[in-house]
Amino acid sequence: MKTNDRLMEAVASSMNDSDDEFESDNTKTTIFLKIAEGKNFPIMDTLSKSSDPYCVVKVDGQTVLRTMTIYRTLSPFWGEEYTLHVQRNFFALSVYVYDEDLRYDDVIGKVTLTKKEMVRDYNIGDERWFALQKVTKDSEVTGEVRLEFKLSETKLDVKIAEARDLAAKDKTGSSDPYGILTLGSNSYQTEIRKQTRFPRWNAMTTLPVPADTADQIVRLTLWDRDIVGKDEFMGEITFSLKRIEKKLEYNQWFWLKPRDFIGHQAAGSIRMKIRYVTASILPSLVYQPLIDLLIEEVDNFTNGIPRTGITPLALLEEAMTDRMEMAYMLVRIFLGKGKIEGLLSMLFTLEAKKSTPETIFRENTLASKCMDQYMKITGTLYLQNVLGKTIKLIYKENKYCEMDKSRITKKYGILNKEAIVKQSTKQINLYLMEIVNSIMQSKTASPFGIRKVCAMIFDLVHRTFPENPDLQYMAVSSFVFLRFFVPAIMNPKLFYLNSNHPNMRISRTLMLCAKAMQQIGNMCAQPCKESFMLPLLPFVERQTDNVRHFISNLVTIYKCSSPPAKIATPTSQHLFSHTTIIQSGWAEKYRISLGQSQTVRVFKKRFFSLSFAALSYGSKASSGQSLGCTKLIAISDITSVERVDKYVFGHKHILQILISKNNERPSVLYMKLKTLNEVTEWISSLRKTCSKNTKTLKFYHPGAYKCKRWSCCTARSLIDQGCSKTHRSIVLGDWRDPLNSDAEIQTIFSQLYNAKDCLRTKYLKAERLRQSFSFLSTADMGDVENLGGQEPFKTRHFKSVVNRRAVLKKSKKTNLNRSRAQSMSLHSPEHLSPKSLSMEIKETQNISLYLPERAYLWTPLHLLSLNFKGLTCLVWFKALLYHLF
């Protein structure tokens, strides 16, 4: 059947975004999500008269993340930020708020935002309050339905073909769906498909079209058949006949939507920041001039060429709305190009020039943000080796530690506070001893790049402030301890030290350890703010010399060691070796070949290890690195990684890894994990590792093949392509993301494009004004400089100004011709093409043809040019003009 290429607006609002259901490699869709806080939540626990809220985020019904639980509060604060890479044609993002209980977690409310709403309202990223909506059976609508239809003058031919990913309305995790199609007073009902969320009807019908089709609405409503009670609503689609072109045949998937009267407001609201970014990644050749300009600025600084005029980084700082995102993109671009040390060196030097001993590297500047991102990307594995053992011990022991007497509750003995504080101090000291010893012993194991950058900071601060010898230790410690170790101890989940968020006890223990480590990182330079931390002060003071010795060895080891050999990664853009273990842990496994009948399914406990080359598992914890006793699955053989319906094996935290080897029957490896976060992390890391695989599936079965049929769609064929779309594009953004300079530079360009109006106003007007005064002498420009000040002109210059006005009027024609010639050379297409820009980057001597004869000192103008030898600023500016105009 022919497909209508110009779907009308009303139809398109219910349809998927395009006929191409799968995101191609040259597109990138990202959601930056911050869940800040909530307020006015209802009381869910009658005994404590409070709630224990947490949030779960879903994309098209697929759970992607879970926040930590904030106990005993009706106004929780989370402050958690996430980056979600999603598929381009997703429909909606939902944030559910639950109350944690021992048996069953109650739903407080939810917020649902469709992709259409995000594109329209949430591309800036402002924090807003969202009212929670009630969650009812009728409001839980998921899935799609495929229709084929053709409109003529007197009738509408419709084929209700199939549906997929419908909501599970029965306790068995399935449904008994049927559909009712209505047009005016006529209707048609399909057959009931029992025990499936993926029904296939292929039902044909013809409905007469009324004479007046202006206000006629086609409505398809899906229902779940129940023997006892009323049938349950499963979703609907609607579109107007007047928006459909006649005699054209449609074959399209539609997203199901809830009814209009569903969605009454619940108690409470949640404050979030959502920014939706989608970009089409162009070929690398298109971005090369922009990347070359960024790298050239760093190379010029490294070679001692002074920064003059407007620079690419200065322009980026003005355009970027989120400094953290800018730092993340810059670090990844320069990491991929092998220029990260030069970038950090330039930023540190510029930061040191405008800082004082009290403020150096203490503020959230671009330099500090880039260093934070660099350490998090390159030092995550090092962090796991140093702190992982102690963090796991704290989680496992789950001991009550409290040193603040005012926080000790009656449950732990109100008359024995001194004993509790003494015992807690002893326990915290033991944890701190483990952490400090592990850090001090890891100086030779720290990444070479981090040691090199720390040595750079150490020497820079010593040269800048030679009168303060302790400041160089404090500068390195502020990054290594205060910005790296301390945040990781405080929140292990965000630094990938543990898959699960800490409970109330563990969170308080980690907080006390982090406070003590902060004092250790400060080298006792600042007094202890909390009096209850004083019992730990003797231990903290003893570590000052250890920290100084650790930093000295850290920077000395770099100077005495040679850089590691460059790792060749021909099929990956990752920073690490193919054999580096990036994810490991215990799970229960069950593996079966498709078509093999097995009535008893036994899950066996195994230790899994994931590298960029293979997924391995064995009966011992060390088997991930001992290949002799490990079963290996090559990454190239993995075709899909998806969740399993929670009712298939009686457990809701199971993922399936579909494996296909040459000349072998396809097999499935099931991994059963304990928590939702563990499943999410494994799925995300596996999908990123397999992102470059060539043999990937587009469809899969969320159920299992048993009793000679698939439990999800009741299909009996083993070679059935699958009933549900794979979600290979839905992953969490983290340090495992492959380096992709094209995608990252596209994000930077998008920010520049969004700021084009401000950049035009500031720089184009300045350029035109500079050209208008280009014939004046340098001495005359001393008076023009006053245009940028608070006083327009001084009285003693009034006569000279009048004389200059006469000169301007007299030479108006000459100046106009010169200005036009320069403007044409700047804006003409042949000089703004990517080819000419690349030529100008390589042959900077040609730039003088497009420049005025003199450079001026008027404040807004000197941002553009003061010294044009070895110029990059105008090439950069012209590259920007090429895209913006």
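The values are calculated or read from the model by the stated rules, or taken from the named source; none is laboratory data. Since the model is a prediction, treat every value here as computed from it, not as a measurement. Cβ placement follows ideal geometry from the backbone for every residue including glycine, while neighbour counts extend to all protein chains displayed. Note: areas computed on protein heavy atoms with side chains; ligands, DNA, RNA excluded. Shrake-Rupley method; radii C 1.70, N 1.55, O 1.52, S 1.80 Å.
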In segment 278-321, anything in a loop (DSSP other than H, G, I, E, B), modelled with pLDDT under 80, under 25 Å from the mean Cα position of the chain (by Cα) and surrounded by fewer than 20 Cβ atoms within 10 Å (Cβ to Cβ) is listed as 282, 283, 321
A careful count of residues in segment 673-696 that are outside any loop (DSSP other than H, G, I, E, B) and surrounded by 19 or more Cβ atoms within 10 Å (Cβ to Cβ) gives 13
Right, residue 172: open to solvent by 50 Å² or more (accessible area, probe 1.4 Å), in contact (Cβ under 8 Å) with a residue 60 or more places away in the chain and either part of a strand (DSSP E or B) or among the polar types (S, T, N, Q) (or both) or not? yes
State which residue is farthest from residue 254 (Cα to Cα) when the search covers only segment 117-147 and only residues that are in a loop (DSSP other than H, G, I, E, B) and polar (S, T, N, Q). 123
Taking only pairs six or more apart or across chains, which ones have beta-carbon atoms under 9 Å, a first residue in segment 311-322 that is over 10 Å from residue 297 (Cβ atoms), and a second residue that is basic (Lys, Arg) and in a helix (DSSP H, G or I)? 317/323; 318/762; 319/756
From the residues in segment 651-666 that are open to solvent by 10 Å² or more (accessible area, probe 1.4 Å) and touching a Lys or Arg at 6+ places or on another chain (Cβ under 8 Å), which one is modelled with the highest pLDDT? 653
Applying the selection to segment 196-225, what residues are outside any strand (DSSP E or B) and at pLDDT 90 or above? 196, 197, 198, 199, 225
Among 242, 247, the single one that is part of a helix (DSSP H, G or I) and surrounded by fewer than 17 Cβ atoms within 10 Å (Cβ to Cβ) is 242
Counting just the residues of segment 127-162 that are open to solvent by 30 Å² or more (accessible area, probe 1.4 Å) and among the aliphatic types (A, V, I, L, M), which one comes out farthest from residue 39 (Cα to Cα)? 135
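Could you list all residues from segment 55-82 that are in a strand (DSSP E or B) and either out of contact with any strand residue (DSSP E or B) (no Cβ under 6 Å at 6 or more places or on another chain) or open to solvent by 20 Å² or more (accessible area, probe 1.4 Å) (or both)?
Passing the criteria: 58, 62, 63, 66, 77, 79, 81, 82.
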Please work out which one of (1) exposed (fewer than 15 other Cβ atoms within 10 Å of the Cβ); (2) of a type in the set (S, T, N, Q); (3) under 18 Å from residue 480 (Cα atoms) is the condition residue 373 fails and give its number. (1)
Could you list, in sequence order, all residues of segment 629-648 that are open to solvent by less than 50 Å² (accessible area, probe 1.4 Å) and outside any strand (DSSP E or B)? 630, 635, 637, 644, 645, 648
Name the residues in segment 374-420 that are hydroxyl-bearing (Ser, Thr, Tyr), modelled with pLDDT of 85 or more and not in a loop (DSSP other than H, G, I, E, B), would you? 374, 378, 380, 382, 390, 395, 406
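Could you tell me whether any residue of segment 107-116 is outside any strand (DSSP E or B), under 25 Å from residue 237 (Cα atoms) and open to solvent by less than 20 Å² (accessible area, probe 1.4 Å)?
Within segment 107-116, the subset outside any strand (DSSP E or B) is 115-116.
Filter again for under 25 Å from residue 237 (Cα atoms), leaving 115-116.
Narrowing the set further to residues that are open to solvent by less than 20 Å² (accessible area, probe 1.4 Å) leaves none.
The answer is no; no qualifying residue exists.
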Yes or no: residue 103 without any contact (Cβ under 8 Å) to a residue 24 or more places away in the chain and assigned to a loop (DSSP other than H, G, I, E, B)? yes
Out of (1) more than 20 Å from residue 733 (Cβ to Cβ); (2) in contact (Cβ under 8 Å) with a residue 40 or more places away in the chain; (3) touching a Leu at 6+ places or on another chain (Cβ under 9 Å), the odd one out for residue 93 is which? (1)
Being assigned to a helix (DSSP H, G or I) and either surrounded by fewer than 19 Cβ atoms within 10 Å (Cβ to Cβ) or touching a strand residue (DSSP E or B) at 6+ places or on another chain (Cβ under 7 Å) (or both) narrows it down to one residue among 350, 335; which is it? 350
